[in-house]
Amino acid sequence: MKLLIKNGTIVNPKAGKGFIGSLLVENGKITKIAKGDLAADGAETVNAAGMIVTPGLIDLHVHFRDPGFEDKEDILTGLEAAAAGGFTAVCTMPNTSPACDNIGTIEYQTKKAAREGNGVRLYPIAAASKGLKGETMAPIGELKEGGAIAISDDGKPITDSSLLQRVMQYASSFGLMYVSHSEDTYLSKGGQMNESYFSTLYGMQGIPAVGEALSVARECLMAQYLGLPVHICHVSTKMAVDLIAYFKAQGVKVTAETAPHYLSLTDEAVGSYDTNTKVNPPLRSEEDRQALIAAVKSGIIDALATDHAPHHEREKNVEFNTAPSGMVGLETAVPLVYKLVHDKHITVERFVELFTAGYGIFGLEGGTLTEGGRADITIIDPEYQWTIDKNMFRSKARNTPFHGFHVKGAVFRTIAGGKTVYTRAY
Amino acid sequence: MKHLLGIENLNRDQIMHILETAVSFEEINQRQIKKVPTLKGLSVINFFAEPSTRTRMSFEVAEKRLSADSYNIAVSGSAITKGETLSDTALNLQAMAPDCLIIRHAVSGTPHMLAQIMDCSIINAGDGFHEHPTQALLDAYTIQKKKGKLDGLKVALMGDIAHSRVARSNIHLLTKTGSHVTVAGPATMIPKDIKKLGVEVTYDPKEAVKDADIVMMLRIQEERESGLMYPDRREYAKFFCLDEKLLSYAKPDATVMHPGPANRGVEIDDNIMDGDRSVILEQVANGVAVRMAVLYLLLGGSNS
Ligand SMILES: [Zn+2]
């Protein structure tokens, strides 16, 4: 099967400046990249005029709830949602039931994705501690053999600093990095939203920004002390951004991600008492949002990750304090972040870097378009205007605060391993 | 106006209209037969998902004096304790076609959620530490009776501001009507950026009370999930209790208020609470008239 993508602007930051050209895909590989036209020669032709053609995007932080909570999402629907969002690879977090802290669960996940999935690659991030309890180390070496690309207790920090040290050291012997959900759980206890004027106005227990910063500082100091890399999840505060900038300047191997919702919304949105605005870390202040935009621009934040956290509508249709935290993100990430390109905060090249940095962070194949390389390709129509409709999601879940948002920019087609896994119906 | 969810979204005119309406209902409460047929045939559900004696009774008295059919849901006997979600309970109540639901709930925003699910009028009888609008209205009614106005007054509001719905509703109301509010308490009890609500902040109760027309005390809360906001009751009383000495900094004719239930000897000394400047029981009496006014205005009863 052959596929010819033509007339699109090929944005492949690793190979230099973008250009209008053609890209030929054969047998799952990119066989030719050329400026201008290529002969169709019997290939299915995709006219990408006015669009950008990029390496397949990676989401380095998703929750697919499988096994254990398949009413929220399962691996197959999660992979469909990823495809619809322009992602050709995802990294799944281990807070399933049972947790991804054993070889059986990790093999179940990788095999289900490979055998029954749509072709989007699934890379498990395995548990750092047994049962995600933060008490004893998970069998990290065996989990690596089962396909783990990193370890994390995401959803929770490792409170015990001694365990953190041992986890980081032990994992490094297997070439795995610790991925940190940075939170001070003493400071966030009972908290429902960011601590701010708005938590005062809405009468909600606040989660102070300093809690994230304290945790980020500890992780970075530990990484510095051990001479090991660390990755910081879902950075939401200016305080954390400033710390990461400091430690990067010190030469510490720290990488960081933020999520589209932290760039798009602030704590003011919680005033609707819509439980879909409840997320952990919480939506922060406008000052934090501005700092994050500056950080994705400057490179202090390396990557965008959605923290796709599906919940059943019934679970969210409760009193605010009772509702679980999290929102889905896969199918809204590209338009939400593309707004930064439209608003001239970042270039289209930076946009692509942010959504492909995960390959480099975890040492995975991908993130560039090369002749002979895997045909993981995302085609984005930057000008297409549409309204986000949660009922159109491929995900099982509907928990988004962005329902009804008018956006500009859409994923037009997603190609994973040479196979079209998503085409937008215009 | 269909619902009363908070003071924040009311304007000054709406507030004054409620207070003016309450005057005529206060007159009814002084009659020998304290019952009028105003809301005859209308049904009102009192849904208190958090313990309450004063507010629940006050609403029930107000409803009965207006001849509404009132129904009480006790939490311990409700479907909530059998695992039904609040939205399902709300839909079931909705199916019985009430005209009004009075809701008290420990979670902020719950009345707003019910207002989206149900067709009837919703009155917020206190949500989390968000708002308690009828308390602020009855406080304002009491102040107006005592001082003849709601503007230009110096009000000291003291105690656990951070976790008080009474504080928020009173701050909204009194700043909208042009009074000057100073909040006081230890820093752990002052929520972030409260100044943006148009109040002054001090950690020194003497400074707050100085030249005050109104001294409003708040109930000290029990221990919260996030920990106790003060070392212990003895220490709190030593520095923040409204006693004779502290009250001497206020204007000689200052009025002392407390939304109840009070912790005698902790936030307010017995002789102040029972003294002649205290209007604590008048607040309770006025609460009935104000709630009658709110019910009347929301349910649009005719005076037949
Ligand atoms: Zn997390």
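Sequence-ordered 3J(HN,Hα) estimates for the range A:384-398 from the Karplus curve with 6.51, -1.76 and 1.60 and θ = phi - 60° stand at 5, 9, 7, 10, 5, 10, 4, 6, 9, 5, 6, 4, 5, 8, 10 Hz, glycine and proline given as x.
Can you tell me what percent of all Cα-Cα pairs in the range A:123-269 are more than 21 Å apart? Percent of Cα pairs beyond 21 Å in the range A:123-269: 45. Here, the range B:137-198 yields an orientationally averaged convex hull projection of 3.9 nm² when only Cα atoms define the hull. For the range A:185-197, the Karplus equation 6.51 cos²θ - 1.76 cosθ + 1.60, evaluated at θ = phi - 60°, returns couplings of 6, 6, 6, 9, 4, x, x, 10, 7, 4, 6, 6, 3 Hz by residue, with Gly and Pro reported as x.
A cut-off of 5 Å between modelled amide H atoms, ignoring neighbours fewer than 5 places along the same chain, links A:Tyr422 with A:Thr414. Along its first, second and third principal axes, ordered by size, the protein assembly as shown spans 98, 59, 46 Å in Cα coordinates. Here each label is just a point 7 Å from Cα along the line to Cβ, and for A:Lys189 and A:Leu364 those points are 3.7 nm apart.
Before anything else, pin down the relative contact order of the range B:133-279: Cα pairs under 8 Å, at least 6 apart, normalised by residue count, whole percent. Once normalised by length, the contact order is 23 percent. Heavy-atom accessible area for B:Ser278, with the other protein chains in place and a 1.4 Å probe, reaches approximately 20 Å².
With the highest mean first, a sort of the peptides B:286-296, B:84-94, A:146-156 on other beta-carbon atoms found within 10 angstrom per residue produces B:286-296, A:146-156, B:84-94. Protein-only accessible surface at a 1.4 angstrom probe places the residues B:Phe239, A:Phe198, A:Phe69 in the order B:Phe239, A:Phe69, A:Phe198, largest first. Note on B:Lys245: accessible area approximately 150 square angstrom, rounded to 10, probe 1.4 Å, nucleic acids and ligands left out.
Between the amide H of B:Ser278 and those of B:Val256, distances stay under 5 Å, these residues lying 5 or more places away or on another chain, with hydrogens modeled in the peptide plane.
Which of A:Lys14/A:Lys133; A:Lys133/A:Lys253; B:Lys35/B:Lys149; A:Lys316/B:Lys64 have a Cα-Cα distance over 32 Å? The pairs that break the limit, which is 32 Å between Cα atoms, are A:Lys14/A:Lys133; A:Lys316/B:Lys64. Calculated on C-alpha atoms, the gyration radius of chain B divided by its Kirkwood radius gives an Rg/Rh of 0.97.
If the cut-off is a Cα-Cα distance under 21 Å, which lysines reach A:Lys130, setting aside same-chain residues fewer than 8 apart in sequence? Leaving aside lysines fewer than 8 places away in the same chain, those within reach of A:Lys130 are A:Lys144, A:Lys156. Peptide B:193-199 shows a mean partner chain C-beta count of 3 within 10 Å per residue C-beta.
Summary value for chain B: 21 percent relative contact order, contacts being C-alpha pairs under 8 angstrom separated by 6+ residues. Amide H to amide H distances under 5 Å link A:Lys29 with A:Ala375, where only residues 5 or more positions off or on other chains count and H is placed in the peptide plane.
Partners of B:Lys176 within straight-line reach, counting aspartates and glutamates whose Cα lies under 13 Å from its Cα and excluding those fewer than 8 residues away in the same chain: B:Glu8, B:Asp13, B:Asp151.
Between B:Ala95 and A:Gln385, the modelled labels are 4.5 nm apart [label points 7 Å from Cα along Cα→Cβ]. From helices alone, chain B scores -11500 deg cm²/dmol at 222 nm; the rule is -39500 (n - 2.57) for each run of n ≥ 4 DSSP H residues, then divide by the residue total.
Stretched out straight at 0.36 nm per residue, the stretch from B:Glu207 to B:Asp151 would grow longer than its current Cα-Cα span by 18.1 nm. Using the Stokes-Einstein relation with a Kirkwood hydrodynamic radius computed over Cα pairs, the translational diffusion coefficient of the range A:227-386 at 37 °C and a viscosity of 0.692 mPa s comes to 194 µm²/s.
Counting every pair of alpha carbons in chain A, the share spaced more than 37 Å apart comes to 18 percent. Residue-wise HN-Hα couplings along the range B:106-119, as the Karplus relation 6.51 cos²θ - 1.76 cosθ + 1.60 with θ = phi - 60° gives them from phi, are 6, 9, 4, x, 5, x, 5, 5, 5, 4, 7, 8, 9, 8 Hz; Gly and Pro carry x. Accessible area per residue (1.4 Å probe, heavy atoms of protein chains only) ranks B:Arg233, B:Arg104 as B:Arg233, B:Arg104, with the largest value leading. Per residue of B:104-111, other chain Cβ atoms within 10 Å of the residue Cβ number 6 on average. In terms of accessible area, using a 1.4 Å probe and ignoring ligands and nucleic acids, A:Met177, A:Met137, A:Met239 rank largest first as A:Met239, A:Met137, A:Met177. Extending 7 Å from Cα along the Cβ direction at A:Phe19 and again at B:Gln32 yields two label points whose distance is 10.3 nm. So, how do all the Cα-to-Cα distances of the range B:133-279 break down into 5 Å bins, in percent, from 0 on up? Cα pair-distance distribution for the range B:133-279, in percent: 2, 10, 22, 25, 22, 13, 5, 1, 0. Summarised in one figure, the compactness ratio Rg/Rh of the range A:28-78, Cα atoms and Kirkwood Rh, is 1.20.
Hey, which of these cross-link pairs are over 25 Å Cα-Cα: B:Lys145/B:Lys251; A:Lys32/A:Lys344; B:Lys145/B:Lys196; B:Lys210/B:Lys238; B:Lys34/B:Lys147; B:Lys40/B:Lys145? In this structure, A:Lys32/A:Lys344; B:Lys145/B:Lys196; B:Lys34/B:Lys147; B:Lys40/B:Lys145 lie more than 25 Å apart at Cα.
The values are calculated or read from the model by the stated rules, or taken from the named source; none is laboratory data. As the structure is a prediction and not an experimental result, all values here were calculated from the model. Glycine also receives a Cβ, built like all others from the backbone with ideal geometry; neighbour counts cover every protein chain displayed. Ligands, DNA and RNA are stripped out before the accessible areas are found, and what is left, the full protein with its side chains, is counted by its heavy atoms. Shrake-Rupley method; radii C 1.70, N 1.55, O 1.52, S 1.80 Å.
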